[in-house]
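Trainee: Quick one: this structure, given as structure tokens, is what I'll be asking you about.
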Amino acid sequence: MVRVVFGVLGPTVAAGDSGGALALKGPRHRAVLARLIVARRRVVPVARLVEDLWVDPPPGAVGAVQTFVAALRRVLEPERPPRAPARLLVTDGPGYALRTEPDTVDAWRFETALATAAGLPAQQALATLEEALGWWRGPAYAEFADEDWSRGERARLAELRLQAVERRAEAHLALGRPADAVPDLDAHLTEHPWREDAWRLLALALYRQHRQGDALAVLRRAREVLTNQLGLDPGPRLRHLQSDILTQTPTLDLPPNTPGPPDPPRGARNRALTPYEPAPNTPRPPHPPRGARNRAPGPIPPEPNTPPPPTTQPPADLWTRAAKTYNRTVAKGTRARLESTVGLIRNLAVTGGEGLAEARHHRTAAITAAEEFADPELTARVIGAYDVPAIWTRADDPPAAEHIVAVAERTLAALPAGPQDTARCRLLATVALETRGATGPRGPEAAREAEALARRLDDPALLAFALNGRFMQSFTRAGLAPQRDAIGAELVELAVRHGLVTYEVLGHLIRLQARAALADFAAADTHAATADRLAERHELPLVGVFTEWYGALRLSATGEPARAETACRAAAARLDGAGMPGLERGLLPLALLCLRLTHGLPPDPDPRADWGPHRPWAEPFTLIAEGRHTEARTALHALPEPPHDLLYEAYCALEAEAALRLDDRTVLERARTRLRPAAAELAGAGSGLLTLGPVERYLAD
């Protein structure tokens with residue numbers, strides 16, 4: 001009998017002994033299989049399957065389920081003789097059961113691995129947890145997220161995954177590797193800010209790298225998040241960790257195998273009078289047990305005679321309950337309600353797709369609501385909290401960007417005198433980001449001011465935000481790829497040192513673009529691979545959009561136009577629904593036009609295509625192809641100044657190419673003046689998306 005293994009830690013899949021994926025046909029076939037896996041070898045009645053597969057079951061639904069099961073059996077047991085009883089997907093009484101072994105389902109293996117790791121030494125526990133976390137390909141039962149029958153199991157598995165991430169961090173600390181724990185914990189907390197133990201582990205890891213200030217900053221962030229978003233005081237372990245860091249308690253640096261005093265009682269979690277500090281005249285509880293550091297990461301038992309902690313709720317349930325409580329207890333329209341929303345909007349943005357689009361909408365609404373309070377400090381906090389790294393230099397929603405800039409400028413003018421430099425820095429960085437691609441001095445000026453303030457304040461996260469703004473304003477002319485490469489390099493170094501994962505990814509993407517512009521594809525390949533690896537580990541789906549387009553660019557630049565065209569079309573398909581209209585609209589026809597021009601092929605522009613903002617630079621080629629040369633010259637002379645963004649050199653090269661075909665010396669001289677500073681670059685490759693070949697070729701022509 002062929003052994004079949006099943007994967008539900010991501011989209012539902014099945015594979016045979018050879019590792020090859022089995023064809024599970026349509027979505028309802030996969031839904032039946034997933035539903036039976038959720039049942040964990042128990043029988044699911046046919047009537048229940050019908051209810052789970054259809055909101056309004058059609059006539060013949062029972063027969064359809066039987067058809068799905070028969071098709072699944074043929075795939076899962078292809079060698080079973082006709083009419084022989086099934087051994088894997090069996091009929092039992094009123095329904096069906098999947099009688100697969102426990103080690104054949106990745107979710108079940110994950111649970112076993114997590115339990116096993118709890119009894120292993122730190123080195124073995126780390127290896128076990130690393131392997132188990134590597135089995136995750138996305139959210140559990142990913143394509144069935146909205147189904148009632150999957151929600152409980154998805155929430156349970158997601159909670160176990162969060163525990164595994166935190167136990168892996170504990171193993172790193174137990175092995176004396178705090179630097180290895182920081183990036184994962186930082187990303188983990190960005191997505192799951194209610195994880196109090198993760199805040200503790202991150203602060204401890206930073207302290208053990210001799211970064212006392214950063215550790216204390218993390219504890220301050222934890223207090224703000226827990227208080228503002230969940231209405232909770234930090235628990236005793238966080239409070240006493242801060243006290244220990246301030247006094248540099250020797251037990252914080254204990255090497256592995258060194259015993260220490262026991263944990264404070266967990267039941268004391270909500271008795272705090274002030275964050276991080278014990279009540280006056282109250283003896284300080286003992287420290288957490290340090291000897292446990294060399295045991296496998298796992299829950300620490302409570303003190304004797306201490307009531308057990310409450311059962312952990314799945315994240316989905318926790319979020320729902322906390323939101324209901326918040327909605328009931330915090331008055332609508334208050335500052336607290338508004339500010340607590342901002343962190344959620346920021347986290348929503350990095351999910352991509354619908355989440356990114358919704359985040360843009362809610363962000364604008366939140367800023368408008370904040371300004372109505374006539375409290376510039378509140379408005380500054382609401383605007384500045386949206387420090388989402390940005391790589392594309394064209395706004396997805398220009399009217400919204402203009403509105404945000406206008407509010408930020410009014411808020412800057414209204415901020416009272418005093419220690420408001422952090423708020424000013426965030427507002428200035430926001431202005432720099434939201435004026436991306438525009439001409440005029442305000443964007444570059446705001447970027448310079450924000451960077452100077454961030455460096456003076458010595459705040460790593462603030463500096464990363466400001467450097468993002470400086471990057472967005474580094475397109476005032478052609479030939480600035482080396483400057484952008486330096487910005488990317490500083491971002492990577494800063495982010496690695498301080499555990500700012502999303503900015504680390506941004507730095508690698510910036511360097512990918514810059515090295516591609518300089519035709520250094522070996523370095524660009526390295527940055528693309530690193531960005532992909534970080535994105536996979538930290539669930540940042542939009543990163544793959546840019547690295548896939550880079551792959552198409554590379555094929556074009558290395559002389560493989562046919563493969564490059566196929567890659568462009570595949571990359572464009574991935575953009576559909578990614579939530580980035582400023583990047584998506586018109587990109588595919590533009591990339592194909594550039595590809596054909598680069599390789600001496602007929603431009604063949606499609607006049608019916610949606611060229612989006614690129615149409616003015618494509619129009620001369622459309623008219624030339626139709627033999628309308630006089631109109632083509634008119635269109636060429638009507639071209640505006642190219643936007644100061646990642647496509648600046650590409651537009652200039654298109655202008656030069658059209659002028660060459662029309663023998664228009666005036667436009668050629670204009671294009672030469674614009675392109676000359678980029679003589680050592682590949683035209684357009686700084687976008688990371690497309691190229692028109694060496695700039696030197698256009699200068700020579």
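Trainee: Name the residues in segment 510-534 that are surrounded by fewer than 22 Cβ atoms within 10 Å (Cβ to Cβ) and either in a helix (DSSP H, G or I) or touching a residue at least 40 places away in the same chain (Cβ under 8 Å) (or both), would you?
Mentor: Step one: list which residues in segment 510-534 are surrounded by fewer than 22 Cβ atoms within 10 Å (Cβ to Cβ), which gives 518-523, 525-526, 529-530, 532-534.
Of everything in segment 510-534, those that are surrounded by fewer than 22 Cβ atoms within 10 Å (Cβ to Cβ) and either in a helix (DSSP H, G or I) or touching a residue at least 40 places away in the same chain (Cβ under 8 Å) (or both) turn out to be Leu518, Ala519, Phe521, Ala522, Ala523, Asp525, Thr526, Ala529, Thr530, Asp532, Arg533, Leu534.
Rundown of residues vs (1) part of a loop (DSSP other than H, G, I, E, B); (2) without any contact (Cβ under 8 Å) to a residue 24 or more places away in the chain, yes/no style:
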residue: Phe373; (1), (2): yes, no
residue: Leu378; (1), (2): no, no
residue: Ala390; (1), (2): yes, no
residue: Pro399; (1), (2): no, yes
residue: Ile404; (1), (2): no, no
residue: Ala417; (1), (2): yes, yes
residue: Ala423; (1), (2): no, no
residue: Leu427; (1), (2): no, no
residue: Thr439; (1), (2): yes, no
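Trainee: Another question, then. Within segment 123-148, track down each residue that is open to solvent by less than 40 Å² (accessible area, probe 1.4 Å) and either of a type in the set (Val, Ile, Thr) or part of a loop (DSSP other than H, G, I, E, B) (or both). Don't jump to the end; show me each part of the working.
Mentor: Taking segment 123-148 as the starting set, the residues that turn out to be open to solvent by less than 40 Å² (accessible area, probe 1.4 Å) are 125-126, 128-129, 132-133, 136, 138, 140-142, 144-145.
Correct list: Thr128, Trp136, Gly138, Ala140, Tyr141, Ala145.
Every residue, every condition in (1) under 30 Å from Tyr207 (Cα atoms); (2) among the polar types (S, T, N, Q); (3) in a loop (DSSP other than H, G, I, E, B); (4) out of contact with any Asp or Glu (no Cβ under 7 Å at 6 or more places or on another chain), yes or no:
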position: Ala466; (1), (2), (3), (4): yes, no, no, no
position: Arg477; (1), (2), (3), (4): no, no, yes, yes
position: Ala495; (1), (2), (3), (4): yes, no, no, no
position: Glu504; (1), (2), (3), (4): yes, no, no, yes
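Trainee: Are any residues in segment 29-42 hydrophobic (A, V, I, L, M, F, W, C) and either closer than 11 Å to Val105 by Cβ or open to solvent by 50 Å² or more (accessible area, probe 1.4 Å) (or both), and if so, which ones?
Mentor: Residues of segment 29-42 hydrophobic (A, V, I, L, M, F, W, C): 31-34, 36-39.
Leu33, Ala34, Leu36, Ile37, Val38, listed by residue number.
Trainee: Give segment 43-66 a look and list any residue that's assigned to a helix (DSSP H, G or I), without any contact (Cβ under 8 Å) to a residue 40 or more places away in the chain and either closer than 26 Å to Ala107 by Cβ or in contact with a strand residue (DSSP E or B) (Cβ under 8 Å, 6 or more places away or on another chain) (or both), or say none.
Mentor: Matches in segment 43-66: Val50, Glu51, Leu53, Val65.
Trainee: Just one of (1) of a type in the set (Val, Ile, Thr); (2) open to solvent by less than 10 Å² (accessible area, probe 1.4 Å); (3) without any contact (Cβ under 8 Å) to a residue 60 or more places away in the chain trips up Val165, so point out which.
Mentor: Going through the list (1) of a type in the set (Val, Ile, Thr); (2) open to solvent by less than 10 Å² (accessible area, probe 1.4 Å); (3) without any contact (Cβ under 8 Å) to a residue 60 or more places away in the chain, Val165 breaks only (2).
Trainee: Ok, one more. Restricting to segment 569-594, give me the number of residues that are at pLDDT 95 or above and either open to solvent by 10 Å² or more (accessible area, probe 1.4 Å) or of a type in the set (A, V, I, L, M) (or both).
Mentor: Matching residues across segment 569-594 total 7.
Trainee: Quick check on Ala39: is it at pLDDT 90 or above and farther than 18 Å from Ala142 by Cβ?
Mentor: Details: at pLDDT 90 or above: yes; farther than 18 Å from Ala142 by Cβ: yes.
Taking the combined requirement at face value, the residue satisfies it.
Trainee: Pairs needed: first member in segment 209-236, free of Cβ contacts under 8 Å to residues at least 40 places away in the same chain and open to solvent by 60 Å² or more (accessible area, probe 1.4 Å); second member anywhere, small (Gly, Ala, Ser) and outside any helix (DSSP H, G or I); C-beta distance under 6 Å; at least 6 residues apart or different chains.
Mentor: none
Trainee: Sticking with this structure for a sec: Name every residue in segment 377-412 that is within 20 Å of Thr502 (Cα to Cα), small (Gly, Ala, Ser) and surrounded by 22 or more Cβ atoms within 10 Å (Cβ to Cβ), in order of residue number.
Mentor: Gly384, Ala395
Trainee: From the list Gly16, Gly26, pick out the single residue that is surrounded by 15 or more Cβ atoms within 10 Å (Cβ to Cβ) and modelled with pLDDT under 90.
Mentor: Sole residue among the options that is surrounded by 15 or more Cβ atoms within 10 Å (Cβ to Cβ) and modelled with pLDDT under 90: Gly16.
Trainee: Would you mind telling me which numbered condition in (1) farther than 29 Å from Val492 by Cα; (2) touching a strand residue (DSSP E or B) at 6+ places or on another chain (Cβ under 7 Å) Ala417 fails?
Mentor: In the conditions (1) farther than 29 Å from Val492 by Cα; (2) touching a strand residue (DSSP E or B) at 6+ places or on another chain (Cβ under 7 Å), Ala417 misses (2) alone.
Trainee: I've got another one for you. Going through Val496, Val492, Val505 one at a time, which residue ends up being surrounded by 24 or more Cβ atoms within 10 Å (Cβ to Cβ) and either within 14 Å of Pro183 (Cα to Cα) or among the basic types (Lys, Arg) (or both)?
Mentor: Working: Val496 fails: surrounded by 24 or more Cβ atoms within 10 Å (Cβ to Cβ); Val492 fails: surrounded by 24 or more Cβ atoms within 10 Å (Cβ to Cβ).
Testing whether each residue is surrounded by 24 or more Cβ atoms within 10 Å (Cβ to Cβ) and either within 14 Å of Pro183 (Cα to Cα) or among the basic types (Lys, Arg) (or both) leaves just Val505.
Trainee: Let me ask something else. Scan segment 639-656 for residues that are surrounded by fewer than 24 Cβ atoms within 10 Å (Cβ to Cβ) and among the acidic types (Asp, Glu) and report the count.
Mentor: Of the residues in that region, 2 qualify.
Trainee: I'd like to check which helices (runs of 4 or more DSSP H) are fully inside segment 556-610 and have at least 1 residues that are within 30 Å of Ala400 (Cβ to Cβ) and over 24 Å from the mean Cα position of the chain (by Cα).
Mentor: Details: elements: 561-575, 581-584, 587-598.
By residue number, 587-598.
Trainee: Taking segment 67-83 as the region of interest, how many residues are without any contact (Cβ under 8 Å) to a residue 60 or more places away in the chain, closer than 18 Å to Ala23 by Cα and open to solvent by 20 Å² or more (accessible area, probe 1.4 Å)?
Mentor: Quick first cut of segment 67-83, residues without any contact (Cβ under 8 Å) to a residue 60 or more places away in the chain only: 67-74, 80-83.
Next, from what is left, pick out any that are closer than 18 Å to Ala23 by Cα: 67-74, 80.
Now drop any that are not open to solvent by 20 Å² or more (accessible area, probe 1.4 Å), which leaves 67-68, 70, 73-74, 80.
Total satisfying the criteria: 6.
Trainee: Taking segment 217-276 only, how many residues are hydroxyl-bearing (Ser, Thr, Tyr) and either assigned to a helix (DSSP H, G or I) or modelled with pLDDT of 80 or more (or both)?
Mentor: Taking segment 217-276 as the starting set, the residues that turn out to be hydroxyl-bearing (Ser, Thr, Tyr) are 227, 243, 247, 249, 251, 258, 274, 276.
Narrowing further to those that are either assigned to a helix (DSSP H, G or I) or modelled with pLDDT of 80 or more (or both): 227, 243, 247, 249, 251.
Selection size over segment 217-276: 5.
Trainee: Can you tell me which condition Asn468 does not meet? The list is (1) open to solvent by 20 Å² or more (accessible area, probe 1.4 Å); (2) at pLDDT 90 or above, and all the others hold.
Mentor: (1)
Trainee: Follow-up. If you go through segment 602-618 one residue at a time, do you hit one that is open to solvent by 70 Å² or more (accessible area, probe 1.4 Å), within 30 Å of Ala567 (Cα to Cα) and either among the hydrophobic types (A, V, I, L, M, F, W, C) or in contact with a Gly (Cβ under 8 Å, 6 or more places away or on another chain) (or both)?
Mentor: yes
Residues are listed down the side, and each one gets a yes or a no for (1) farther than 22 Å from Trp549 by Cα; (2) under 30 Å from the mean Cα position of the chain (by Cα); (3) in contact (Cβ under 8 Å) with a residue 40 or more places away in the chain:
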{"site": "Tyr648", "(1), (2), (3)": "no, yes, yes"}
{"site": "Cys652", "(1), (2), (3)": "no, no, yes"}
{"site": "Thr666", "(1), (2), (3)": "yes, no, no"}
{"site": "Glu669", "(1), (2), (3)": "yes, no, no"}
{"site": "Ser687", "(1), (2), (3)": "no, yes, yes"}
{"site": "Leu690", "(1), (2), (3)": "no, yes, yes"}
{"site": "Val695", "(1), (2), (3)": "no, no, yes"}
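Trainee: Just need a number here: residues in segment 84-119 that are farther than 16 Å from Arg156 by Cβ, in a strand (DSSP E or B) and touching a residue at least 40 places away in the same chain (Cβ under 8 Å).
Mentor: Of the residues in that region, 6 qualify.
The values are calculated or read from the model by the stated rules, or taken from the named source; none is laboratory data. In this text, all values refer to a predicted model and were calculated from it rather than measured experimentally. Every residue, glycine among them, receives a Cβ derived from its backbone with ideal geometry; neighbour counts consider all protein chains shown. The protein model used for the area step is the full one, side chains on, heavy atoms only, and it has no ligands, DNA or RNA in it. Shrake-Rupley method; radii C 1.70, N 1.55, O 1.52, S 1.80 Å.
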